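These notes are about the structure you will find just below.
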Amino acid sequence: MSFKSPKFSCFARTTTVVALTSLTAFGALAPTEASATELSLATDKRERKPGILKKGVYADIGIKPGTMLIEGGVIPMIRFGVSVGGALNTKFKLGTQFGLTGYLDRKKRSVSGFVTVMATGYLWKGLYMRGGLGVASNIPVSRSIVGSRAGLGGQAGIGYEFELYERKSKKKPMTRLGLGFDYDLKATTTGLLRQGVLFGLHFAFN
């Protein structure tokens, strides 16, 4: 078959049309697929928001043993606390902590009540830092003296919360186990400074 024959010319024209049509179809399809992929990735990013919290109400309950530093020694203590508040976003929550602190190894054991406004921020996954201001009653004056005083001061802490299970429904609260250190500083009504260091665990519900 000659290159100049009518049959070859018809075949060449048909092949060219098919090739151009195929290229046009692939060109139109490729951006559509890319756009669908980009939309899917964007949707996934919206669903997988960073942070460990879910916006809404939260509650914590925990127990932490520790020591109070005073002139001439230390006083062992144990603290039981409950926190209630709200998660403002996936990395920050604000609430109120209240509870009791028991002071041991004194001539007369005493119990102190406290209320603290607490802010907690999550730096990376379950790693958190928190700080707050509050008041407490019956803070020991010393180990040997039975007397105690009310106090005002702050608290700062750092720790990590571990998710105990995978959240299967956004409506169900997530339970986390937290381990952390707290530093407590109070000034009594008589001007004495009392420092405490505590370490323990808590359960967080959100």
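A short reminder: the numbers here are calculations on the coordinates, not readings from a lab. As the structure is a computational prediction, the values presented were derived from the model and not from experiment. Methodologically, a virtual Cβ is constructed for each residue, glycine included, from the backbone with ideal geometry; neighbour enumeration extends over all protein chains shown.
Residues S110, S83, ranked from the fewest to the most other C-beta atoms within 10 Å, line up as S110, S83.
Arranged by the count of other C-beta atoms within 10 angstrom, fewest first, what order do D182, D105 take?
Working: D182 22, D105 12.
So the residues, fewest neighbours to most, are D105, D182.
Just in region 112-185: which trypsin sites (Lys or Arg not before Pro) are loop by DSSP and have at most 15 other Cβ atoms within 10 Å? Hits after loop and neighbour filter: K125, R167, K168, K170, K171.
Stretching D105 away from K172 to a fully extended chain increases their span by 19.8 nm, per 0.36 nm per residue minus the current alpha-carbon distance. In this rough spin-label picture, where each label sits 7 Å from Cα along the Cβ direction, the I145-L193 distance is 1.8 nm.
Counting neighbouring Cβ atoms within 10 Å and putting the fewest first, the residues F114, F199 line up as F199, F114.
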